[in-house]
Structure formats: C-alpha cells, structure tokens
Amino acid sequence: MARGVRVSARVLLQESELQETFVRAPGPGGQNVNKVASAVQLRFDVAGSPSLPEDVRERLRRLAGRRLTGAGVLVIEAHRYRTQMRNRDDARERLFELIRQASVAPKPRKATRPSAASRERRLREKRVRAQVKRARGARDVE
C-alpha cells in the first residue's frame with residue numbers, strides 16, 4: 001500500500017510522486033562541504049500527477065514560475081541547512097505550501113463603480129491642480 005501525504009483538503013500526494021536527489025550544497029558546511037551531498041533537489045511531476053485536480057494543477061503551474069521545467073516537472077532545491085534531513089523537510093514543506101496556495105481558488109472580483117462623492121472629489125482636485133499650474137505660467141514682464 002502506497003503511503004500518502006495530506007497536503008490540503010483536496011490534495012493527497014502519494015510518496016511515489018516525489019523524487020528526491022541529493023547533491024552537494026553551496027555555502028556553509030565546514031569540512032563536510034565538499035564530501036557530503038546535503039542539498040536536496042525535489043522533483044514533482046505537476047503535469048502527470050493523478051493527485052491534483054485540474055484547477056489546482058493550473059494555478060500551481062502559474063505559481064511555480066521558473067521552477068517548472070518544459071516537461072511540467074516542478075523542481076525545488078533546498079540547501080538552507082547543513083543536514084540532509086533538514087533540507088529534505090524544507091524542500092517538502094515548500095512544495096506543500098505551494099500546493100496549498102494553489103488549492104485556494106481566487107475570490108472573483110465584483111465590478112464596482114466610483115461613488116458620486118468620490119467622482120466629485122476627483123474633479124474638484126483636478127480643478128485645484130489646474131488652477132495651481134495656470135498660476136505658475138502667468139507672469140507679467142514689466
């Protein structure tokens with residue numbers, strides 16, 4: 001039986017959908033920095049995942065930006081910490097947070113009109129500003 005991770009109310013990811021690769025990390029690490037592969041490259045196939053509803057998939061594609069490959073694979077690199085386990089947890093949490101954000105449908109915008117008072121205020125301010133500018137140019141040379 002495949003284990004799953006509940007990311008949001010609508011999304012349950014299977015462990016088999018996540019591919020992790022460990023690579024050498026840039027930055028701090030002391031003597032281990034050139035010996036231990038502590039950075040994590042987490043790959044998740046957004047395009048081919050059976051766990052994502054279509055609307056979440058589309059929003060996730062938009063949110064992913066340059067982290068999404070041409071083939072529709074989301075790549076998250078984590079090398080913030082010195083240990084492999086903390087970087088692994090960090091990468092997974094960042095993926096899950098992206099999916100949670102994509103799970104929330106944007107609130108539809110309601111078309112509104114400016115109130116009569118705000119229109120009047122805007123026009124009054126325009127007249128005052130125009131008066132100021134007109135006063136600047138009018139100089140008599142005697």
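If you take the residues of the stretch 51-69 that are part of a loop (DSSP other than H, G, I, E, B) and modelled with pLDDT of 80 or more, which of them is nearest to ILE99 (Cα to Cα)? Taking the candidates together, the pick is LEU52. Would you say ARG109 is surrounded by 11 or more Cβ atoms within 10 Å (Cβ to Cβ) and closer than 30 Å to LEU60 by Cα? In short, no.
Within the stretch 31-50, identify whether any single residue is over 23 Å from the mean Cα position of the chain (by Cα), part of a strand (DSSP E or B) and either surrounded by 12 or more Cβ atoms within 10 Å (Cβ to Cβ) or at pLDDT 80 or above (or both), and answer yes or no.
Step one: of the stretch 31-50, the residues over 23 Å from the mean Cα position of the chain (by Cα) are 31-38.
Filter once more, keeping what is part of a strand (DSSP E or B): none.
Scanning the stretch 31-50, I find no residue that is over 23 Å from the mean Cα position of the chain (by Cα), part of a strand (DSSP E or B) and either surrounded by 12 or more Cβ atoms within 10 Å (Cβ to Cβ) or at pLDDT 80 or above (or both), so the answer is no.
Among the residues of the stretch 74-92, those that are assigned to a helix (DSSP H, G or I) and within 16 Å of VAL46 (Cα to Cα) comprise ALA91, ARG92. Here the condition is being among the basic types (Lys, Arg), surrounded by fewer than 16 Cβ atoms within 10 Å (Cβ to Cβ) and at pLDDT 90 or above; of ARG80, ARG124, ARG100, it holds for ARG124 alone. The sole residue among VAL56, VAL75, VAL23 that is within 18 Å of ARG10 (Cα to Cα) and of a type in the set (A, V, I, L, M, F, W, C) is VAL56.
The values are calculated or read from the model by the stated rules, or taken from the named source; none is laboratory data. Small disclaimer: the values here were computed from a predicted structure and weren't measured. When we count neighbours, we look across all protein chains shown, and the Cβ atoms used for this are built from the backbone with ideal geometry, even at glycine.
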